[in-house]
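Enquirer: My questions will all concern the structure given below.
Throughout, read-outs are computed from the coordinates displayed, never taken from laboratory work. All values reported here derive from a predicted model rather than from experimental measurement. Please note: Cβ atoms are built from the backbone with ideal geometry, for glycine as well, and neighbour counts cover all protein chains shown.
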Amino acid sequence: MKIIQVPDYEEMSKRAAEFLLKKIKQNPILTLGLATGSTPKGLYEQLILDRRKHGTSFQHVTTINLDEYIGLPASNPNSYHSFMTENLFRHLDIPLSNSYLPNGEAADLQKECARYESIIDEKGIDVQVLGIGQNGHIGFNEPGTSFNQTTHITTLAHSTRQVNARFFHSIEDVPKQAITMGIASIMKSSEILLLASGTKKAAAVHQLLSGEISEDFPASALHHHPHVTIIADDEALSIF
Ligand code: GLP
């Protein structure tokens with residue numbers, strides 16, 4: 001694991017954008033695994049800025065997102081479809097047909113999981129961007145998830161619903177389930193870029209860096225991956 005320490009959120013976002021833009025320059029047909037949440041928002045802003053300033057094209061880039069809530073229409077402002085459209089896709093020139101998210105409204109959700117995993121296998125993710133939950137979740141792989149799971153239906157931990165309630169009217173409105181890439185799906189990526197910012201993430205980052213590997217702390221699976229870079233700010237790295 002390579003750890004890059006930066007002073008703050010802005011620097012984390014800039015370094016992460018530089019990291020991805022370099023990869024895209026080397027390989028314009030890159031497949032990016034993308035994440036939602038407050039963490040990658042600044043990274044997406046930097047990518048948009050780069051396109052505006054330098055005209056960087058993402059025309060041949062494919063994106064595959066980690067997860068989506070079950071039961072929220074894609075048009076709901078809190079769906080991850082909406083998040084990605086608003087915060088990234090509508091500002092770049094990635095063809096819509098090259099961007100994949102799980103369909104949380106599929107009639108047959110099991111079938112949807114299998115379909116999604118086959119997309120991951122077919123495209124192959126070159127770089128997977130990850131945030132980290134306060135309980136160590138990656139994607140929506142909550143503590144206790146088997147490291148062998150591929151894309152699956154997951155029940156969100158109460159603590160995750162509490163944390164994510166800030167985007168909804170109340171916790172009752174936060175969906176109870178989601179479709180998420182599994183740990184095994186994430187581990188198929190050639191390379192992983194994990195971002196962490198703020199004191200709220202310090203305990204999780206500390207636990208991750210302790211090196212202890214356990215299904216009770218999903219992000220610890222990343223110790224089994226040969227090519228992980230963590231960009232974290234001073235606050236996220238404040239527990240030693
Ligand atoms: C969410 C997402 C994760 C994300 C994490 C942290 O529940 N499913 O992909 O990494 O929680 O979110 P944030 O970046 O807002 O702290």
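Enquirer: Return the Rg/Rh ratio of the range 2-66 with Cα-based radii and a Kirkwood Rh.
Expert: Working: Rg = 11.9 Å, Rh = 12.4 Å.
Taking Rh as the inverse mean 1/r over Cα pairs, Rg/Rh reads 0.95.
Enquirer: Let me ask something else. Over what distance in Å are the Cα centres of the range 1-79 and the range 124-174 separated?
Expert: 18 Å
Enquirer: Any idea what the relative contact order of the chain is, in percent, if you count C-alpha pairs under 8 Å spaced at least 6 apart? Don't jump to the answer; show the numbers that get you there.
Expert: Values: 478 pairs, mean separation 62.6, N = 240.
In percent, rounded to a whole number, it is 26.
Enquirer: If R₀ is 25 angstrom, what is the calculated FRET efficiency for the pair Ser159 and Asn27, using the beta carbon separation as r and rounding to 0.05? List each step's numbers first, then the result.
Expert: Numbers: r = 38 Å, r/R0 = 1.52.
The formula returns an efficiency of 0.10 here.
Enquirer: Another question, if that's okay. Given an 8 Å cut-off on Cα distances and at least 6 residues of separation, report the relative contact order of the range 102-240 as a percent. Could you put the intermediate results ahead of the total?
Expert: On the way: 244 pairs, mean separation 41.3, N = 139.
Reported as a whole number, the value is 30 percent.
Enquirer: Which lysines, if any, have their Cα less than 28 Å from the Cα of Lys111, not counting same-chain residues under 8 positions apart?
Expert: Lys123, Lys176, Lys188
Enquirer: Something else now. Inverting the mean 1/r over all pairs of different Cα atoms, compute the Kirkwood radius of the range 69-162 and quote it in Å. Don't jump to the answer; show the numbers that get you there.
Expert: Numbers: mean 1/r = 0.0672 Å⁻¹.
Final number for the Kirkwood radius of the range 69-162 is 14.9 Å.
Enquirer: Cut-off 17 Å, label point 7 angstrom out along Cα-to-Cβ of Ser146: give me the residues of the range 209-232 whose amide nitrogen falls inside.
Expert: From the range 209-232, the list is 214-218, 221.
Enquirer: Now for a separate question. Taking the Cα centre of the chain as the origin and placing charges on Cβ (Lys, Arg +1; Asp, Glu -1), which of Pro7, Gln207, Thr39 is farthest toward the positive end of the dipole?
Expert: About the Cα centre, the residue reaching furthest to the positive side is Pro7.
Enquirer: Would you kindly calculate the translational diffusion coefficient of the range 81-130, applying Stokes-Einstein with the Kirkwood radius from alpha carbon pairs, for 10 °C and a viscosity of 1.306 mPa s, and quote it in µm² s⁻¹ without decimals? Please report the intermediate quantities before stating the final value.
Expert: Details: Rh = 12.4 Å.
In µm²/s, the coefficient is 128.
Enquirer: With the cut-off at 1.5 for a/c, could you classify the range 116-240 from its C-alpha gyration tensor as rounded, prolate or oblate? Walk me through the intermediate numbers first.
Expert: Details: a/c = 1.67, a/b = 1.04, b/c = 1.60.
Verdict is oblate for the range 116-240.
Enquirer: Let me ask another. For the range 2-233, just the Cα atoms, rotate onto the principal axes and tell me the three extents in Å, largest first.
Expert: Projected onto its principal axes, the Cα set of the range 2-233 covers 43, 41, 35 Å.
Enquirer: Something else: Given the options Tyr69, Leu130, Ile119, identify the residue whose Cα lies farthest towards the positive end of the charge dipole of the range 2-233 (+1 on Cβ of Lys, Arg; -1 on Cβ of Asp, Glu).
Expert: Leu130
Enquirer: For the chain, what is the charge dipole size about the Cα centre, in debye to the nearest 20, if Lys and Arg each add +1 at the Cβ and Asp and Glu each add -1 at the Cβ?
Expert: Details: 20 positive and 27 negative charges, 111 e Å.
The dipole magnitude comes to about 540 debye.
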